[in-house]
Amino acid sequence: MTNKIQWEFPQALEDEAIYILRETAAQFERPAILFSGGKDSITIVRLAQKAFYPGKVPFPLLHIDTGHNFPETIQFRDWLVESLGLDLIVRNVQDSIDQGKVQEETGKYASRNALQTVTLLDAIEELKFDACIGGARRDEEKARAKERIFSVRDEFGQWNAKMQRPELFDMLNGKIHLGENVRVFPISNWTELDVWNYIRRENLQIPSIYFSHEREIIERDGMYWPYSPFLNTTEEEVPFRQKVRFRTVGDMTCTAAVISEADKLEDIIGEILEAKISERGARIDDKRSEAAMEKRKQAGYF
């Protein structure tokens, strides 16, 4: 019985997420879906399809492109947009760098992950989005566990845990002041296992890097980093080929791989059931400090 429950998707979670998406459409004038090409944002797109069927998804996808993405993710993004007839808006971190708004990091652990915040906030202001729908979940990380479903950001795009509103009896309050905006998290109450069981139930296509494949990696700090032109390596860090997969998808400079033979959804779900660390345990950007995620969120991060 226990094994059967672990493999089933709780229908109440989909119902809740669809309700949240419809409330977002009703309460805000210009919502957008924050799209990374990862499994959670792909799930959001599927839920939006269901929420507004037979009509078109009424929100554009907004992708903040760091320029350091996995090529497989970008290829998948373009395929999904074309196959579903979605509207895609892309804003590039490189433009923020060229404009002098952010400075490229240097050194062994250089990454563009934190630089995305400025590009995102500029895009929100430029395009006048009052709600941005994301795929963050409370089980991922302790700072995200503090989020509300409708998470208010101030006029500077910053998050303050003390200014969040109570959400009693599924009542969502989207009233905001001029200049403020809201991040909406329809799958906040889902777990990683729920997402994978939903992908399995819905037979969703996902980027190939989630499945076991052979690629060049290096070993650093006890983790397996994908080797790429964006990664600053030392002479001792010699790349080698290994069968790996990725539990979470971020930049190539901040997402570690796991050694795995799981090349089917059932195998991936089996691995998750036996995993001893969370999926964010493979996100190198979260390891910069104990409060790395919370500090990024306070500055306006996704």
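The values are calculated or read from the model by the stated rules, or taken from the named source; none is laboratory data. A quick note: this is a predicted structure, and the numbers were derived from the prediction, not measured. Positions of Cβ are generated from backbone atoms using ideal geometry, with glycine treated the same way; all protein chains shown enter the neighbour counts. All accessible areas refer to the heavy atoms of the entire protein, side chains included, with ligands and DNA or RNA removed. Shrake-Rupley method; radii C 1.70, N 1.55, O 1.52, S 1.80 Å.
When the Gaussian network model of the chain links Cα atoms closer than 10 Å, the mean-square fluctuations of S36, S228, S111 top out at S228. Packing around the peptides 135-141, 270-276, 258-264, taken as the average count of other Cβ atoms within 10 Å per residue, puts them in this order, highest first: 135-141, 258-264, 270-276. Computed with a 1.4 Å probe over protein heavy atoms only, the accessible area of E104 comes to about 70 Å². Within the listed set N203, N181, N160, the Gaussian network model of the chain (springs between alpha-carbon atoms below 10 Å) gives the highest mean-square fluctuation for N203. Between the stretch 138-191 and the stretch 209-228, the C-alpha centres lie 34 angstrom from each other. The smallest convex shape that holds all Cα atoms of the chain, its convex hull, gives 137 Å³ per residue.
When the Cα centres of the stretch 18-69 and the stretch 80-112 are compared, how far apart do they sit, in Å? When both Cα centres are located, 19 Å separates them.
Can you give the extra length, in nm with one decimal, that the chain gains between F169 and E235 once fully stretched, where that is 0.36 nm per residue apart less the Cα-Cα distance?
Value of the extension gain: 18.0 nm.
Please check: in the Gaussian network model of the chain (C-alpha springs, under 10 Å), which one of K162, K56, K108 has the largest mean-square fluctuation. Top of the fluctuation ranking is K162. Dipole magnitude for the chain: about 600 debye, using +1 per Lys or Arg Cβ and -1 per Asp or Glu Cβ, origin at the Cα centre. Each Lys or Arg adds one and each Asp or Glu subtracts one; over the other residues with Cβ under 15 Å from the Cβ of Q94, this totals -4.
Specify whether the C-alpha gyration tensor of the stretch 137-186 places it in the rounded, prolate or oblate class, a ≥ b ≥ c being the square roots of the eigenvalues: rounded for a/c under 1.5, otherwise prolate if a/b is larger than b/c and oblate if not. Since a/c reaches 1.5 but b/c is at least a/b, the shape of the stretch 137-186 is classed as oblate.
May I ask for the net charge around E29, where only other residues with Cβ less than 9 Å from the Cβ of E29 are counted and Lys, Arg are +1 while Asp, Glu are -1?
Computed value for this residue: +1.
Each distinct pair of alpha carbons in the stretch 63-209 adds a 1/r term; the inverse of their mean, the Kirkwood radius, is 17.6 Å.
Taking Cβ atoms as reference points and 11 Å as the exclusive limit, the residues near E202 contribute a net charge of +3, counting Lys and Arg as +1 and Asp and Glu as -1. Rounded, prolate or oblate: which one fits the stretch 159-289, using the alpha carbon gyration tensor with axes a ≥ b ≥ c (rounded when a/c is under 1.5, else prolate when a/b beats b/c, else oblate)? Oblate is the answer for the stretch 159-289, as a/c is 1.5 or above yet b/c matches or exceeds a/b. How would the stretch 15-71 be classified by its alpha-carbon gyration tensor: rounded, prolate or oblate, with rounded meaning a/c under 1.5 and the a/b versus b/c comparison settling the rest? Since a/c reaches 1.5 and a/b is larger than b/c, the shape of the stretch 15-71 is classed as prolate. Normalised by the number of residues in the chain, the average gap of Cα pairs under 8 Å and 6 or more apart makes the relative contact order 20 percent.
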